[in-house]
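Working notes, structure below.
Taken together, the values in this text are just the output of simple stated rules run on the coordinates, not laboratory data. Quick caveat: nothing in here was measured; it's all calculated off a predicted structure. Cβ: placed from backbone, ideal geometry, glycine included. Neighbour counts: every protein chain shown.
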Amino acid sequence: MKYIFLFFISLNLNISAQNPDIDILKSINLNRNKKLDNTFIFISNSIVPVSVGVPIGVLGVGFLKQDSTIKNKGVYIGASLLIAAGITTGLKYSVKRERPFVTYPVIDKVMNAGSPSFPSGHTSDAFATATSLSLAFPKWYIVAPSFVWAGSVGYSRMDLGVHYSSDVLAGAAIGAGTSYLCFKANKWLHERHRKK
């Protein structure tokens, strides 16, 4: 009896949580400026070149300057991205949430999306890149554009009809959280290495 009661409570929570999620998505997707579709597709597609290019670029500068600190920052940014992507992929295939346009045919799907919906991989990668880059180089002219870009990637996923707002929020939390924890772990390892 206890398990049946818990089942109905969790079912009710899932149903009530879904309503604001789809309402937010409908508001963004169905009321969007369609003239900006190509812009948001471009922003959404920028994830691979930016997220892969940033750690490779930082690492390359480190090698050119023969600067181990810059090389370490490149490795940290790349590791943050890989760990965030791994966590996100694992969750996607564990939760197996259908894309919003599958569950709600009224959603206007503007671009293709294949894997399960929760959490947003694009948003996770964008926030992992923005957070790790900002922690590695804490200058306003790096921090501000990084997070504007990451936020735009997250918004584009809803505008294009391929993610719920909760997918995007979870992706942002995973990306930023992973990068922050990697930063702390990297700092701790260097302190420990220095003491030896």
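At-a-glance table
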{"read-out": "Farthest positive-ward along region 20-195 dipole, Cα basis, beta-carbon charges - from 128, 33, 182", "value": "182"}
{"read-out": "Listed residues 146, 166, 27, most fluctuating in the chain (Gaussian network, C-alpha, under 10 Å)", "value": "27"}
{"read-out": "Cβ charges +1 (Lys, Arg) and -1 (Asp, Glu), total dipole of the chain, debye", "value": "720 debye"}
{"read-out": "Burial ordering of 67, 125, fewest other beta-carbon atoms within 10 Å first", "value": "67, 125"}
{"read-out": "Amide H partners (placed H, <5 Å) of residue 160, local residues excluded", "value": "none"}
{"read-out": "Footprinting exposure proxy for 58, 102 (fewest neighbouring C-beta atoms within 10 Å first)", "value": "102, 58"}
{"read-out": "Matching label, semi-axes √(5λ) of the Cα gyration tensor in Å computed from the structure shown, candidates [x] 35, 22, 12; [y] 114, 17, 12; [z] 29, 20, 16", "value": "[x]"}
{"read-out": "Packing-based exposure ordering (other Cβ within 10 Å, fewest first) of 75, 106, 50", "value": "106, 75, 50"}
{"read-out": "Kyte-Doolittle mean at least 0.0 and Cα axial length at least 30 Å: DSSP H helices in the chain", "value": "2-30, 68-95"}
